[in-house]
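Encoded as structure tokens, the structure appears first; notes follow it.
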Amino acid sequence: MGSSSRLTSFRITRFQFARDRVVGDSQVRASEAYIAAVELIDSGGRVGLGFAQSLFTSLPDEREIECRFAEEAWPSLEGKNPANIALAVRRVRGGNVRRMTLPFEEAVQQAVWDLFAQQMDQPLWRLLGGERDTVPVYASGLDFHLSDHDFVELFGKAAAKGFRGFKIKVGHPDLERDLHRLELLRKTTGGIHPVMIDANEAWTAQQTVDALRAFERAGYRIFWVEDPVPRDDLDGLRKLRQLGLTRINSGEYMDLSGKRRLLEARACDMLNVHGQVSDVMRAGWLANECNVEVTLGNTFLEIGVNMALALPDVKWLEYSFQNFDHLAEEPFRIEDGLIHGKTIPGHGLKLRREAKEMRRPPDLNTEDPTLPGKLRA
């Protein structure tokens, strides 16, 4: 790659808008979306896109986001080839091991890999080694705080669209409520597709056993239970796996090192991955070494379909009906329960210009020439 592939500038666009429903689980809830789109531009004019999302607290104004990106992320990116950044393996030490003050890490990886694939003139999933171009999706409601009416409406819509599995949130203090939701789901979807449950670490190992046995007695077959106990309870996860009441899906809340420990402990049947492209691929390699299936959890606007298509042991990708599609020119296509990879170079998503104009707060639209790396419109 020549000089036309080097990173020369960046753009940040801040979005904040109401979600179309309250989303959440046994531990958290959210009604607003706080997002920053990060665009990295190379010297050939190509644009790589990534998204930074704050789940529960508002992001600062756009100028402040740009300043922090310029200080914390841009020095390690400016003038470099995206391929060199995407493929690098570095040993971090001491004060180097820290998070940025805003969640730029995932956005940077998305944008860098997007550019790398564009420069290679390949769809990202193919660059990563993928050979198939579709993967099954399951409908995930993020539904813990929904009324019964809204719960039925959401999963009825998912069933009508042909989704091939359904995941609901459990872990309510009253187990009868979880049983009630499972019955609503069965009536709404017909009970012929796999049903997954996600407790978001609400239970102890014994509470998980009690819940799963109660579900079984009531006639509900659970395809997997996700994160039933706290992430560090490897003994509890391993014992649950050995009992074989259902598949144990875990790893969502762990970094790559934590996922390695989880696999080494033989504490899951399925490894949940999402987010940063490089880490997902490395986690997939580790899981393959341990003969453990990989599931692709929520990724922003389903960018993770690229990793799902590339990893041989991924049979499911999560889709949660979040109202983010207006941010992209053309979201990924889902038909008959399958999500399709794009055939264009890159990860397949472009920021929609109309979204910039409609969602970017006017008072944050700065044209300050002193901002390093700022590409002004």
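Set against the labelled values [x] 130; [y] 139; [z] 168, volume of the Cα convex hull per residue in Å³ computed from this structure falls on [y]. Across the chain, Cα pairs under 8 Å and at least six residues apart give a relative contact order of 21 percent. What a 1.4 Å probe finds exposed on the range 218-277 is 42% carbon and sulfur by accessible area, rounded to a whole percent.
Ignoring ligands, DNA and RNA, what percent of the accessible area of the range 1-144 is carbon or sulfur (1.4 Å)? Working shown, then result.
Values: 2900 of 6260 Å².
Roughly 46 percent, rounded to a whole number.
Close Lys pairs in the chain (alpha-carbon distance under 24 Å; sequence gap of 8 or more, or different chains): 25. Look at where the Cα atoms of the range 326-357 and of the range 267-296 average out, and the two centres are 24 Å apart.
Relative contact order of the range 1-52: what whole-number percent is it, with Cα pairs under 8 angstrom and at least 6 residues apart? List each step's numbers first, then the result.
Numbers: 86 pairs, mean separation 20.8, N = 52.
Here the relative contact order equals 40 percent.
Accessible surface of the range 286-326, 1.4 Å probe: 41 percent of it comes from carbon and sulfur atoms. Each helix, a run of at least 4 DSSP H residues, gives -39500 (n - 2.57); summed and divided by the residues of the chain, these come to -9500 deg cm²/dmol at 222 nm. Accessible area per residue for the chain, computed on protein heavy atoms with a 1.4 Å probe, is 45 Å².
The Cα center of the range 15-72 and the Cα center of the range 302-318 differ in position by 23 Å.
The values are calculated or read from the model by the stated rules, or taken from the named source; none is laboratory data. Only a predicted model underlies this, so the values are computations on that prediction, with no experimental measurement involved. Heavy atoms of the whole protein, side chains included, go into the accessibility calculation; ligands, DNA and RNA do not. Shrake-Rupley method; radii C 1.70, N 1.55, O 1.52, S 1.80 Å.
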